[in-house]
Amino acid sequence: MEARVAQTQGRSLFRSDAVQKLMAFAGLIALFIVFSLSSPNFLTLNNIIGILLATAVNGVLALGATFVIIAAGIDLSVGTVMTFSAVMTGVFVVYWGLPIPLGIVGGILAGGLCGLVNGLVISRMKVPPFIATLGMLYATRGLSLVISGVKPIYFNDTPEFRDIAMGSVLGTLIPGLDIPNAVFILFGAAIVAGLILTRTVLGRYCFAIGSNEEATRLSGVNVDGWKAAVYALCGMFAGLGGVIMASRLNSAQPALGAGYELDAIAAVVIGGTSLRGGEGTVLGTIIGAFIISVLANGLRILSVPQEWQMVVTGAIVVLAVYADIIRRRQ
Amino acid sequence: MGDILVLMEGIEKSFPGVHALSDCRFELRSGEIHALVGENGAGKSTLMKVLAGVYAKDAGRIVYKGQAVDIPNPRAAQHLGISMIHQELNLMPHLTVAQNIFIGREPRRRLRFLLDEDEINDRTQQLLDMLHLRLDPRAKVADLTVAKQQMVEIAKALSFNAEVLIMDEPTAALTESEIDELFRIIRQLREKGVGVVHISHRLEELKQISDRVTVMRDGRYIDTLRTQDVSIDRIISMMVGRTIYETAPEAPDNADREVVLEVKNLNRGNVIRDVSFTLKKGEILGFAGLMGAGRTEVARAIFGADPIDSGEVYVRGRRVHIHSPLDAVRHGIGYLSEDRKRYGLTLGMDVENNIALAAFNKFVGALGWVNRASVRQTARRLVDALSIRTPSLQQQVKNLSGGNQQKVVIGKWLTADTDILIFDEPTRGIDVGAKSEIYHLLNDLVRQGKSIIMISSELPEILRMSHRIIVMCEGRITGELSSAEATQEKIMTYATQRGGIMNAGASSHSPADPAQSRSA
């Protein structure tokens, strides 16, 4: 068995990450060129800012999902955990009157807690990740509605809250370049995620568990504990996504969030992370998230109905993975 | 030999439905190489996994350096200085050599959660230099050959400064020169006072390397003896509880027989490269080679289980296009997988249904009803013909022994009227007694005019059974030998005609190792 792994994956694996990233990046550039040629409204500063902003939430969710998927798991709950975190941020800031920084930390930790529960259910109770996180998807969707009383929580008394994502520090420094903070939060989160993935023990064990879980266990690694940590980390990214979402909408919308997990997983997969685990990069995920946003934005500018945008996105996800399979087969 | 390092006494271990170890005993001294032998299923690996903290024992005690110890998990074993190299390679293919070796105890930077990648690579380089292994610490494990992956495992085990090193079949995938290199390292460890446990089926090899040998049978301890005081025949009879007589191969003249299968220029990626050969009626064609040489891949390609890039297949002189196993069966080709539990049998079904499985349309009457009487009749005939030991035709196959399961698979393909049979490792996981029955069966089959391709990694088996032998290495056919001219040395020479040589600084090996030629 191992022999066949060595043989068929052989040399091709060596540069696989780089090639896949290059393909995804080339795809992104191609989309840019096609849409720029098709519509004069595409390549404008405002539209580009719109695309960047639209990527912020999905990008942050996808960053968290990247860790889980590299560790050969799956997290279906990132969308609703995001909503739950937004609602909790609202509860902390609006209902409890906590200072905004504490509210943000609280929101992120609420997401992390959901992730930790996912991780413990998966590693201690041995429930398959698909089922455990499906359960969390429903639970957090329900909790968001219960806690908020099925009403949005508005941050009307704290106008600064909206500036977290929608203000522009860059705009105050360079007038005219009003790129919202959310975009920089995304890039900051990506850098942090990249460092965690490549430079820390947690990142290393993600790859190790995804590559060969039993071997990792036999090497004396506390696989169950690290798995729980990976899901908790994913939950914290979802929590950050919730804070950005709440800030952007200036409110916590308890009914939002279902379906976001699919966009996040799609971004990860388009970015070349294998659902079988063991390989993947942060840069790939970010490119994947942008491909999805650019596609949605460009098709909207070309007046393609939203229903058809979904069809195209679906086709792109399958094509991206198929291209990867073809390349491996050589 | 030094003091007693490990003493295991009264070890008991049960798994659901199996009493794997009963009242087992094992003693290891420092500075000795201790061989642990027994048939498959004798409990060798299980006993050592108890020592390495993989399994918890049900009863008994383990004394390590004079103190009773508890070893609840692999990490605890490593802390005590007990390392085990498992039978299945246990590496993370996506990580580098260095990352694999230091998994679970990575050197950190001043900030505790940051990895020190340079340190990992430097320390790995030192370790590899010490062992004279020419490997790049930064190379991805998936890109290495199986033999090099094995070396990574050994380097990893040694990096724990182990005082007890357990190796479960470490030489199964290695070439002769690599085995020499491994033995050099093991002897070097013995000099340093490490206690080495060596589990292997290659008894000649154990004779050559070990100081003492412990024999196990059916989950029980049989005896521990000084290796120099005991003959291989005696070890075998202790292992099986009776004496086995090896018979010489029968090699009928088959020069002018009809060619039933011809393969021309078969190619698939870099796993099958330009493979051409013929198979004659009534012949057993042996396919020898090391693990990963591409033999299974060739078999699967011919059988239509994997797509091919190019190549032609002729059955009885007619060009055929086989795109699926269904096509192959139509042309009379059957494939018996090396992993019969996964690919050869439906374990939960009974004997008669497994036998009928590949040819159900024979038993289907009008309106799609299965003619059960006819199924039963065929199954009964084959159970008798193949002497399958089963309490009834309705016995679930998973409750049969390995040898009898293999016979059921053979029965299945006989029902399907295939006269070209490809056996992939036909005796893997089968004990010595059942092995000779399978050999008789193969000989009977070719006498009846069937033709057999037999893939095997056991050289004695290849030499004993084959009329002709094809040797593969890295996807190519590197040699063909008649049974008269074939020896273990010649096969191994062909089987190792590969590109890279991995031993730095090590002496060039002599292909005619005295111990090997004696056994051939």
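Label residue A:327 and residue B:417 with points 7 Å out from Cα along Cα→Cβ: what is the distance between them in nm?
Between residue A:327 and residue B:417, the simple spin-label model gives 4.9 nm.
Please identify every one of the trypsin sites (Lys or Arg not before Pro) in the range B:310-411 that sits in a loop by DSSP and has no more than 14 other beta carbons within 10 Å of its own beta carbon.
Details: sites: B:316, B:318, B:319, B:330, B:340, B:341, B:342, B:362, B:372, B:376, B:380, B:381, B:389, B:398, B:407; in loops: B:316, B:389.
Those satisfying the criteria are B:389.
Nearest 100 Å² is fine: what is the total accessible surface buried where chains B and A meet, probe 1.4 Å?
Working: alone 23630 and 15570 Å², together 36020 Å².
The buried area between B and A, both sides summed, comes to about 3200 Å².
Work out from phi, with θ = phi - 60° and the Karplus expression 6.51 cos²θ - 1.76 cosθ + 1.60, the ³J(HN,Hα) of each residue of the range B:396-406, listed in order in whole Hz, and give x for Gly and Pro.
Running phi through 6.51 cos²θ - 1.76 cosθ + 1.60 with θ = phi - 60° gives 5, 5, 5, 8, 8, 6, x, x, 6, 4, 4 Hz.
Using only the alpha-carbon atoms of the protein assembly as shown, report the extent along each of the three principal axes, biggest first, to the nearest angstrom.
For the protein assembly as shown, the Cα extents along the three principal axes come out at 93, 73, 53 Å.
Which residues make up the longest stretch of chain B clear of GluC sites (Glu not before Pro) that lie in a DSSP loop with no more than 13 other Cβ atoms within 10 Å, not counting the sites? Working shown, then result.
Working: sites that count: B:88, B:246, B:250, B:258, B:485.
For GluC sites (Glu not before Pro) (loop position, at most 13 other Cβ atoms within 10 Å), the longest site-free span of chain B is B:259-484.
How high is the relative contact order of the range A:15-329, in percent, with contacts defined as C-alpha pairs under 8 Å that are six or more residues apart?
Rounded, it is 35 percent for the range A:15-329.
Leaving out same-chain residues fewer than 8 places away, which aspartates and glutamates sit with a Cα under 12 Å from that of residue B:192?
Candidates past the 8-residue exclusion: B:32, B:163.
Taking amide hydrogens as modeled 1.01 Å from N in the peptide plane, which residues meet the under 5 Å criterion relative to residue B:35, leaving out close sequence neighbours?
Here B:198, B:211, B:212, B:213, B:214 satisfy the definition.
How large is the Rg to Rh ratio of the range B:91-160 when both quantities use alpha carbon positions and Rh follows Kirkwood? Mind dumping the intermediate values first?
Values: Rg = 11.5 Å, Rh = 12.0 Å.
In the range B:91-160, Rg relative to Rh is 0.96.
For chain B, compute Rh as the Kirkwood radius over C-alpha pairs and then the Stokes-Einstein diffusion coefficient at 37 °C and 0.692 mPa s; write the answer in µm²/s, rounded to an integer.
131
What is the set of long-range amide H partners of residue B:468 at a cut-off below 5 Å, with H atoms built 1.01 Å from backbone N?
Those lying under 5 Å, H to H, from residue B:468 are B:284, B:286.
How far, in nm, would the chain grow between residue A:157 and residue A:192 when pulled straight, counting 0.36 nm per residue and subtracting the alpha carbon separation?
Extending this stretch completely gives an extra 9.4 nm.
Mind checking which lysines have their C-alpha under 18 Å from residue A:227, skipping anything on the same chain fewer than 8 residues away?
A:126
Using a 1.4 Å probe on the protein chains only, how many percent of the accessible area of chain A belongs to carbon and sulfur?
On chain A, the fraction of accessible area on carbon and sulfur atoms equals 70 percent.
So for the pair residue B:484, residue B:376, with labels modelled 7 Å out along Cα→Cβ, what separation do we get in nm?
My value for the distance between the label points is 5.3 nm.
Taking 0.36 nm per residue of separation and subtracting the Cα-Cα distance, what length does fully extending residue B:385 through residue B:360 add?
Taking 0.36 nm per residue and subtracting the Cα distance, the gain is 7.0 nm.
Bin all alpha-carbon pair distances of the range A:212-254 at 10 Å intervals from 0 and give each bin's fraction as a whole percent.
26, 29, 20, 16, 9
Report in % the part of the accessible area of the range B:91-160 that belongs to carbon and sulfur, leaving out ligands and nucleic acids; probe 1.4 Å.
Here it works out to 49 percent.
What does the charge count around residue B:373 come to, taking other residues whose C-beta lies under 12 Å from its C-beta (Lys +1, Arg +1, Asp -1, Glu -1)?
+2
Each residue of the range A:268-283 in turn: what ³J(HN,Hα) in whole Hz from Karplus with 6.51, -1.76, 1.60 and θ = phi - 60°, glycine and Pro shown as x?
Coupling constants for the range A:268-283: 4, 5, 4, x, x, 7, 7, 5, 7, x, x, 9, x, 9, 5, 4 Hz.
I'd like the residues of the range A:258-293 whose 1.4 Å-probe accessible area shrinks by no less than 20 Å² going from the isolated chain to the full set of protein chains.
For the range A:258-293, once contacts with the other chains are taken into account, A:278 lose 20 Å² or more.
Could you give the length gained by full extension between residue B:312 and residue B:257, i.e. 0.36 nm per residue of separation minus their alpha carbon distance, to one decimal place?
17.7 nm
Provide a list, ordered by number, of residues in the range B:254-284 showing at least 20 Å² less accessible area with every protein chain present than when their chain is taken on its own, using a 1.4 Å probe.
When all protein chains are present, B:270, B:271 each give up 20 Å² or more of accessible surface.
Take residue A:48 and residue B:88, extend 7 Å from each Cα along the Cα→Cβ direction, and tell me the distance between the two endpoints in nm.
Taking the two extended label points, one gets 5.1 nm.
Using a Förster radius of 41 Å, what is the FRET efficiency between residue A:304 and residue B:319 based on their Cβ-Cβ separation? Nearest 0.05, please.
Working from the Cβ atoms, E equals 0.20.
Between residue B:110 and residue A:169, take the C-beta separation as r, use R0 = 25 Å, and let me know the FRET efficiency to the nearest 0.05.
Given R0 = 25 Å and the Cβ-Cβ separation, E is 0.20.
Expressed as a fraction of 2.2 N^0.38 Å, the rule-of-thumb size for a compact globular protein of N residues, what is the C-alpha radius of gyration of the range B:2-105?
Cα Rg divided by the expected 2.2 N^0.38 Å: 1.15.
Based on the alpha-carbon gyration tensor of the range A:242-330 and its eigenvalue square roots a ≥ b ≥ c, which shape applies: rounded if a/c is under 1.5, prolate if not and a/b is larger than b/c, or oblate?
The shape class here is oblate.
Which of the listed residues, B:21, B:71, B:10, is farthest toward the dipole's positive end in the range B:1-132, when Lys, Arg count +1 and Asp, Glu count -1 at the beta-carbon?
My answer, from the dipole projection, is B:71.
Take the alpha carbon atoms of the range B:271-342, find their center, do the same for the range A:81-110, and report the distance between the two centers in whole angstrom.
After rounding, the separation between the Cα centres reads 63 Å.
For the range B:320-335, just list the computed ³J(HN,Hα) in residue order, Karplus coefficients 6.51, -1.76 and 1.60, θ = phi - 60°, integers in Hz, with x standing in for Gly and Pro.
Once rounded to whole Hz, the list reads 10, 10, 9, 10, 8, x, 4, 4, 4, 5, 4, 8, x, 10, x, 10.
Mind checking B:103-112 for the average number of partner chain beta-carbons within 10 Å of each residue's beta-carbon?
That average works out to 4.
Based on the Cβ-Cβ distance from residue A:38 to residue B:226, what FRET efficiency comes out when R0 is 60 Å, to the nearest 0.05?
The formula returns an efficiency of 0.10 here.
Going by alpha carbons, how many degrees (0 to 90, nearest 10) lie between the helix axis of B:117-130 and the longest principal axis of chain B?
Tilt relative to chain B: about 80 degrees.
So with the 1.4 Å probe, I'd like the accessible area per residue for the range B:91-160, rounded to whole Å². Write down the numbers at each step before the final one.
On the way: 2710 Å² over 70 residues.
With all protein chains present, the range B:91-160 gives 39 Å² per residue.
For residue B:116, what charge total do you get from the other residues with a beta carbon under 15 Å from its beta carbon, if Lys and Arg give +1 and Asp and Glu give -1? Write down the numbers at each step before the final one.
Working: positive: A:199, A:204, B:105, B:108, B:109, B:110, B:112, B:123, B:138; negative: B:106, B:117, B:118, B:119, B:122.
Its environment carries a net charge of +4.
Which order do the peptides A:118-125, B:42-49 come out in when sorted by mean C-beta neighbours inside 10 angstrom, highest first?
B:42-49, A:118-125
Going 7 Å from the Cα of residue A:214 in the Cα-to-Cβ direction, what parts of the range B:56-87 have a backbone nitrogen less than 18 Å from that spot?
Only B:56, B:73-75, B:84-87 pass the distance filter.
In percent, how large is the relative contact order of chain B, given Cα pairs closer than 8 Å and 6 or more residues apart?
Answer for chain B is 15 percent.
Over the range B:349-416, what relative contact order in percent results from Cα pairs under 8 Å that are six or more residues apart?
50
Let me know the shape class of the range A:15-329, please: from the alpha-carbon gyration tensor, a ≥ b ≥ c as square roots of the eigenvalues, rounded when a/c is under 1.5, otherwise prolate if a/b is greater than b/c, or oblate.
In terms of gyration-tensor shape, oblate.
Net charge within 13 Å of residue B:161 by Cβ-Cβ distance, Lys/Arg positive one each and Asp/Glu negative one each, not counting residue B:161 itself?
Charge balance in the 13 Å sphere: +3.
The values are calculated or read from the model by the stated rules, or taken from the named source; none is laboratory data. Since this is a predicted model, take the numbers as computed values, not measurements. Every residue, glycine among them, receives a Cβ derived from its backbone with ideal geometry; neighbour counts consider all protein chains shown. Side chains are part of the model used for accessible areas, which takes the heavy atoms of the whole protein and leaves out ligands, DNA and RNA. Shrake-Rupley method; radii C 1.70, N 1.55, O 1.52, S 1.80 Å.
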